[in-house]
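Asker: Please read through the structure below; I'll follow up with questions.
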Amino acid sequence: MLPGVAYFLLFHYGALVGNVIAFKEYVPFDGLWGSPWVGTGNFRRMFEDEAFWDAVLNTLWIAVLQLVFYFPVPLGLALLLHTLTWSSVRRFVQSVAYLPHFISWVIVVALFQQVLGDTGLLNSGLSGAGLHTVDIIGDPDAFKPLVVAQVIWKDAGWGTIIFLAALAQVDEQQYEAAAIDGAGPWRRFWHVTLPAIRPVIVLLIIMRLGDILSVGFEQMLLQRDAVGPEAAEVIDTFVYHQGIVGGDYGFAAAAGLFKGLIGALLVYAANKVAHRLGEQGVYR
């Protein structure tokens, strides 16, 4: 366990010390402790910045869309895979579904641009048929549904792993007993499958809520210029442009710290709700 413990202590807990620059006017040449204190000045500037609230709103919209439309897809795909009786077919489908997870976002965005871009395959077909072309990649109104579709295509297969592991623990005799009692597929799912995997679903929802303000930095950064910051700026890209690009490190750290605190509060609140519903949650 020592290598893993050392990793988390150094790169996660140790790095928390760096959050002190959120309360400083950080200058790299003066160092972490030599930079002047500004108290809550960075936070006041952040709360008064309209661009920050636009980034928060975009982040929340995309997070809600991902939670509503992406989260059920791995569960549904896992249920379909679980019903396959031919193990060879199941392994093949799983391998095909897992593959996009290992493709970098640079390649994924490029693939979508080649298909849905202004000069992509879709518009080439529409133009050849004499129809009106559409630039989905460059349309700000279509951006949020597009990024959710990209996440589904890339990570839905990988997300089935935990659900498949949970489904493998369900006693097959329960299905047989329910079938003998006259329960159809829907009843077996509702009264056998769902109660068995409900703790896993609750756990994953809580973990997703804690990370809800992280909607994909690389994915957003690669497509931000195509649709503009009004549609694609999220908290992570806001922090990047303010800190790394603009050099306003204290201001960017304040935004990042705000995001982390909101995530921690959401985990705590969701865990309390899970306890009230009789589930174990992340911790007791």
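The values are calculated or read from the model by the stated rules, or taken from the named source; none is laboratory data. Everything quoted here is computed from the prediction, not taken from an experiment. Reconstructed Cβ throughout: ideal geometry from the backbone, glycine too, with neighbour counts over all protein chains shown. Protein only, heavy atoms only, side chains kept; ligands, DNA and RNA dropped before computing areas. Shrake-Rupley method; radii C 1.70, N 1.55, O 1.52, S 1.80 Å.
Asker: Please give the FRET efficiency for Met1 paired with Ala129, using the beta carbon to beta carbon distance and R0 = 51 Å, rounded to the nearest 0.05. Intermediate results must be reported in sequence, preceding the final value.
Answerer: Working: r = 61 Å, r/R0 = 1.20.
E(calc), rounded to 0.05, equals 0.25.
Asker: Here is a follow-up. Net charge within 11 Å of Ala226 by Cβ-Cβ distance, Lys/Arg positive one each and Asp/Glu negative one each, not counting Ala226 itself? The partial results should precede the final answer.
Answerer: Working: positive: Arg224; negative: Asp118, Asp135, Asp139, Asp225.
Taking every Cβ under 11 Å from that of Ala226, the sum is -3.
Asker: Report, in deg cm²/dmol and to the nearest 500, the calculated mean residue ellipticity at 222 nm for the chain, where each DSSP H run with n ≥ 4 adds -39500 (n - 2.57) and the sum is divided by the residue count.
Answerer: Calculated at 222 nm, the ellipticity per residue is -20500 deg cm²/dmol.
Asker: Rounded to the nearest 10 Å², what accessible area does Thr193 have for a 1.4 Å probe in the complete protein model?
Answerer: 10
Asker: Give the Cα extents of segment 40-94 along the principal axes, in whole Å, largest first.
Answerer: That works out to 62, 17, 14 Å along the principal axes.
Asker: Please give the charge dipole size of segment 29-164, origin at the Cα centre, charges +1 on K and R Cβ atoms and -1 on D and E Cβ atoms. Round to the nearest 20 debye.
Answerer: 720
Asker: When the Cα centres of segment 148-191 and segment 1-36 are compared, how far apart do they sit, in Å?
Answerer: 43
Asker: Please state the charge dipole magnitude for the chain, taken about the Cα centre, from unit charges on C-beta atoms (+1 on K and R, -1 on D and E), reported in debye and rounded to the nearest 20.
Answerer: So the magnitude is around 1000 debye.
Asker: Choose one of Phe238, Leu209, Val227: the residue whose Cα lies farthest towards the positive end of the charge dipole of the chain (beta-carbon charges +1 Lys, Arg; -1 Asp, Glu; about the Cα centre).
Answerer: Leu209
Asker: Mind telling me which of Gly157, Gly216, Gly39 comes out most flexible in a GNM of the chain, alpha-carbon contacts under 10 Å?
Answerer: Judging by the Gaussian network model, the answer is Gly39.
Asker: Another question about this same structure. With springs only between Cα atoms under 10 Å apart, run a GNM on the chain and tell me which of Phe11, Phe69, Phe92 wobbles the most.
Answerer: Phe11
Asker: Quick one: among Val27, Val147, Val234, which has the greatest mean-square fluctuation in a GNM of the chain with alpha-carbon springs under 10 angstrom?
Answerer: It is Val27.
Asker: Can you tell me, using C-alpha contacts under 8 Å and at least 6 residues apart, the relative contact order of segment 41-277 as a whole percent?
Answerer: Reported as a whole number, the value is 30 percent.
Asker: Please work out the average accessible area per residue across segment 159-284, using the 1.4 Å probe convention, and give it in Å².
Answerer: Numbers: 6790 Å² over 126 residues.
Value for segment 159-284: 54 Å² per residue.
Asker: So, one more: For the chain, which whole percent of the accessible surface, found with a 1.4 angstrom probe, sits on carbon and sulfur atoms? Intermediate values should be presented prior to the final figure.
Answerer: Working: 11120 of 16710 Å².
After summing per-atom areas, the C and S share lands at 67 percent.
Asker: Could you tell me which of Leu261, Gly125, Leu167 has its Cα farthest along the dipole of the chain towards the positive end, charges placed at Cβ (Lys, Arg +1; Asp, Glu -1), taken about the Cα centre?
Answerer: Leu167
Asker: Just name one of Pro195, Val106, Pro74: the one whose Cα is farthest towards the positive end of the charge dipole of the chain (beta-carbon charges, Lys/Arg +1, Asp/Glu -1).
Answerer: Pro195
Asker: Follow-up. Can you work out the accessible area per residue across segment 66-143, with the rest of the protein chains kept in place, probe 1.4 Å, in square angstrom?
Answerer: Numbers: 4850 Å² over 78 residues.
Roughly 62 Å² per residue, with all protein chains present.
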